[in-house]
Amino acid sequence: MKIAIGSDHVGYELKPTIIEYVKKMGHEVTDFGTDSTERTDYPIYGKKVAEEVAKGNFDRGILICGTGVGITIAANKVNGIRAVVCSEPYSAELSRKHNNTNILGFGSRVIGSELAKMIVKVWLDAEFEGGRHLRRVDEIAAEELKDNAEFEKIRFSNDEKYY
Ligand code: RB5
């Protein structure tokens, strides 16, 4: 897969370890910054990686900040993004299987590099199960269209799908 990665200055030092690990798993990785420990703002990188994934330029994204929280919130503002912040592998795996997450976030001040790698591995390997989970993910996607004239048509043309 093609993986986009980004971090703020706090996540910066963990990033090379994750890039190397993801490459070893056989994926292609592109780093969207930041490029140093100089103080910066996590929304810049959350948005950038999210836009690349949402546009289809990358299959998935990985984001790192101090807690993983801010950068993941920023990513979730981009339509089409389902970003999860994880500190353990169970949620990472289920976020793929049930929620079809396309961005994984974690905190360099929260977890160490070995746990981060374990979380990354289960998240990259797990597949979306679809079925009843697809209906729920579609309901989230429908919310993104609520300011669009097409929204009511899409939402109510398919009652069974949503209820
Ligand atoms: C930066 O100090 C810190 O707030 C950031 O890395 C992140 O933890 C935000 O959610």
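Pick from region 49-78 the residues that are basic (Lys, Arg) and either surrounded by fewer than 19 Cβ atoms within 10 Å (Cβ to Cβ) or more than 12 Å from the chain's Cα centre (by Cα) (or both): which of them is farthest from Leu104 (Cα to Cα)?
Per the stated criteria, the residue is Lys55.
Sort out which residues of region 1-21 are open to solvent by less than 30 Å² (accessible area, probe 1.4 Å), out of contact with any Asp or Glu (no Cβ under 9 Å at 6 or more places or on another chain) and part of a helix (DSSP H, G or I), and write them in order of number.
Ile18
For region 64-112, what are the residues that are charged (D, E, K, R) and either part of a helix (DSSP H, G or I) or within 16 Å of the ligand (Cβ to nearest atom) (or both)?
Of everything in region 64-112, those that are charged (D, E, K, R) and either part of a helix (DSSP H, G or I) or within 16 Å of the ligand (Cβ to nearest atom) (or both) turn out to be Lys77, Glu93, Arg96, Lys97, Arg109.
Against the condition touching a residue at least 24 places away in the same chain (Cβ under 8 Å), crowded, with 21+ Cβ neighbours inside 10 Å and more than 15 Å from Trp123 (Cβ to Cβ), how does Ser36 come out, does it pass?
no
Answer with yes or no whether Asp41 is open to solvent by 40 Å² or more (accessible area, probe 1.4 Å), touching a residue at least 24 places away in the same chain (Cβ under 8 Å) and away from the ligand (no atom under 14 Å from the Cβ).
Answer is no for this residue.
Please determine whether any residue of region 3-26 is among the aliphatic types (A, V, I, L, M), within 14 Å of the chain's Cα centre (by Cα) and farther than 21 Å from Leu115 by Cβ.
yes
If you check every pair at least six apart or on different chains, which have Cβ atoms under 8 Å apart with a residue in region 49-69 that is at negative phi first and a residue that is buried (at least 17 other Cβ atoms within 10 Å of the Cβ) and of a type in the set (Lys, Arg) second?
Short answer, once both residue conditions are applied: Val53/Arg60; Ile64/Lys15.
The values are calculated or read from the model by the stated rules, or taken from the named source; none is laboratory data. As the structure is a prediction and not an experimental result, all values here were calculated from the model. FYI the Cβ positions are ideal-geometry reconstructions off the backbone, even for glycines, and counts take in every protein chain you see. SASA here: full protein model, heavy atoms, side chains in, ligands and nucleic acids out. Shrake-Rupley method; radii C 1.70, N 1.55, O 1.52, S 1.80 Å.
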